[in-house]
Each structure stands twice: as structure tokens, then as C-alpha cells.
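See structure below.
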Number of protein chains: 2
Amino acid sequence: MTSADPTPLSEPTSKTRLRLWLKLLKATRLVEADLRENLRTEFGTTLPRFDVMAALSQYADGLKMSELSGLLRVSNGNVTGIVERLVEDGFALREAVPGDRRASRVRLTRKGAEEFARQASEHEHWVDELLGALGPEEATGMTEQLDRILREGAQ
Amino acid sequence: MTSADPTPLSEPTSKTRLRLWLKLLKATRLVEADLRENLRTEFGTTLPRFDVMAALSQYADGLKMSELSGLLRVSNGNVTGIVERLVEDGFALREAVPGDRRASRVRLTRKGAEEFARQASEHEHWVDELLGALGPEEATGMTEQLDRILREGAQ
DNA sequence: CTTATTTATTTCAAGCTTAAAGGTTTAGGC
DNA sequence: GCCTAAACCTTTAAGCTTGAAATAAATAAG
């Protein structure tokens, strides 16, 4: 059950890439599960909420709902519910966009920004530990390779 | 919105690892979204269902529910619903475990195995294209690095 | 044998996620 | 101005996901 798959000496490239994909998924899920658990027990929040607050924290003037869902690459209706709950909890607020009554702009409240700052600090520390197996050069190298995948996929 | 973040020449290691994590997440989600879309339009199925069938396909004698959730690293109650729908559709069946009336063993039906074979073949092809930016050596190298993360995290 | 604990699984409530459909509002052609 | 199309967003239905509680059966302890 816990045995590592041996790497065949020679095989079709598609198998090699498939193996990479499965490992990528496994590692991502491991890290995600850990972060989720920590966010829950330490801050009583969820990963999606953290992601939304992280995006908002980079835009002091706020973001339109469509910009938010575009940045996070999630569906349009998805952020509606998450923002709804953040607003309920006083971490975010919605402002009217002058000249466009369809759109609304979401931004963090002071309380939300302060809460996110605390969370982000711990989050960075958790990630640092979870990816501690890789040194800075390795991490940078892998980041560049992932960028190549992203550039190819987002044509 | 689509601008790539520049990599500072020098920074704390935790920032480098954080950047890697964000990129890892982004790339994984890109690939996942594409696979999900393809599974939906080509086969009318979902990623979680595919994952469960993939696990079952490796065990001709079937798996207990707890073994299944352990392999997929998802919660216990989660697989209950997914297997339920697979059984409804005639892709999987549940058998009693002799000597233990609590447990049940799930395995693919012939129909399920044949359907999965078709899906898996396409799936491998999609992955091959999505990760086409990396050559075999690079893919193997990244797989090994991800393994190091997994070994460290699963102590 | 009886009780307690552990194991295997399901149920539940809450929240996340998507695609599709619907409701407004804005912008563009004519 | 008027009509169509596009943009912005929410709602809905279905399914996924989790953690916690509940159920039931097997095992252990006394």
C-alpha cells in the first residue's frame, strides 16, 4: 500500500508524464490537506476563504467578482457564496462600482486585512516546512518547469 | 493579469518555497480543470469517479471502502456517495466480506472495467499533451523531487 | 457471559464546486 | 430612440468534500 512504484528504465514518454501527473496530484493533495487542517484548527477558516482573502489582499482597491473568479480560476458562481460568508463575518465588504450598476467591487475590511496578515504569516511557515525537502535552487528550478507547463497550457 | 512574477535574485528560502507552492497549485488546477472538462464532455463522468475507478481497476478482487478511501486519501464518508453512484450506473458492485458483516468489498463490473479502459487510454493521452512542455528526463527528475516531498510529509 | 473498546461504515450538516439558466444592466448597431 | 448582443452577476441542481456523530459488528477484557 505504501510501496513506491519503481521507475522502468525505458517506457513510452506518455507513461513517464502520466507518472509525473499522478505524483504531482498526490503531492499537491498532501500539502493541501495539511494546510486545510491547519487553517481549520488554528484559524477556523477554510482554504477557499484563504485563497479569496489572499487575492483581495493584493488589491487594496478591491476586485470585481469576475476579476476575482478569473484570478482564482474558479467558476463565476463559486466566489459568490464564499464572498457572501466573508461579508457576513465582517472580513470583506462590497461596494458599488460608479457608472456600472451590474458590477460590485469586493475588498477586505480592516478587520479582514489584519486577520489575513496573521493567517498568511503562519501559512508561509507551514509551506516552508511542507516543502522543506527541496532546497532553494531545486525549488526555483521546479517553479520554472511548472511555468513552462502553464505557458503551454494557457495558450 | 497574465504577467509572470519575476524571480528576485535573493530572498528568504520560505518565500522561494511559497512561490513554488503557488505555482504547483496553479499548474495542478490547470491540468485538473482540463481533465475534468474532457471527462465530462467525452465520457459524461467526473474526476472523482475516474479516480475511484482507477483505484479499483488495479485490484481485481476489489477493495474495502476503508482501503479505497485510504488509497485516495479522501475522507471515509466521501467514497460512500461516489461508489453509490457507480453501483447505480452498473460500473461497480459491492460484495459481502465473508466473516465480517461490517465491511463490504467494492469492485468494477465487466462493464465498468471496459468503460474505464477506454477512459484511461484517453486520459493518458490528455496528460501527455498537457505536460508536453517537459521532456522525459525533466519529468522523471520532477517526479523524484515530488517523491522527496511526499516522503518527508508522510512520516 | 457481559461489558468495553475498537473497527468498518454510513449519515449528516455545512460548505465548496461546476455548468447551465436566469436576471439586470450596459454597449453597439441602425 | 430601439433593438440586439454582450457583460456582470446570482441562482439553481447536482455532485463533491470534510469532520463529526451515529450505527453496527467484531474483538478484548474482566
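Under 20 Å from a label point 7 Å along Cα→Cβ of A:Glu137: give me every residue in the stretch B:128-155 with its amide N that close. B:137-149, by backbone N distance to the label point.
Enumerate the residues in the stretch B:107-147 having an amide nitrogen under 13 Å from the point lying 7 Å beyond the Cα of A:Arg73 toward its Cβ. So the set is B:130-131. Altogether, the Stokes-Einstein calculation at 20 °C and 1.002 mPa s, with the Kirkwood radius of the protein assembly as shown over Cα pairs as Rh, returns a diffusion coefficient of 99 µm²/s. Span-like helix criteria (full DSSP H runs; alpha carbon extent of at least 20 Å along the helix axis; mean Kyte-Doolittle hydropathy of at least 0.5) are satisfied in chain A by no helix. Counts of other chain beta carbons within 10 angstrom of each beta carbon in peptide B:118-131 average 4.
With both labels modelled 7 Å from their Cα along Cα-to-Cβ, the B:Asp100 to A:Ala33 distance reads 1.9 nm. In the protein assembly as shown, the DSSP-assigned H stretches of four residues or longer account for a calculated mean residue ellipticity at 222 nm of -22000 deg cm²/dmol, using -39500 (n - 2.57) per stretch and the full residue count as denominator. Counting, for every residue in A:31-40, the Cβ atoms of other protein chains within 10 Å of its Cβ and taking the mean gives 2.
For B:Ser104, the residues whose modelled amide H falls within less than 5 Å of its own, excluding neighbours fewer than 5 places apart on the same chain, are B:Met65. For chain A, evaluate the Debye formula with one uniform point scatterer on each Cα (no solvent term) and list log10 I(q)/I(0) at q = 0.09, 0.10, 0.20 Å⁻¹, rounded to two decimals. Once normalised to I(0) and log-transformed, intensities are -0.41, -0.50, -1.34. Taking every residue in A:64-74 and counting other chain Cβ atoms within 10 Å of its Cβ, the average works out to 1.
Paramagnetic label reach from B:Leu22 (point 7 Å along Cα→Cβ; backbone nitrogen cut-off under 20 Å): within the stretch A:14-51, residues A:28-29, A:31-36, A:39, A:46-51.
Each value in this text was obtained by applying a stated rule to the coordinates, not by laboratory testing. Just so it is clear, the structure is predicted and the values come from calculations on it, not from any experiment. Note that we place each Cβ from the backbone using ideal geometry, even for glycine, and neighbour counts take in every protein chain shown.
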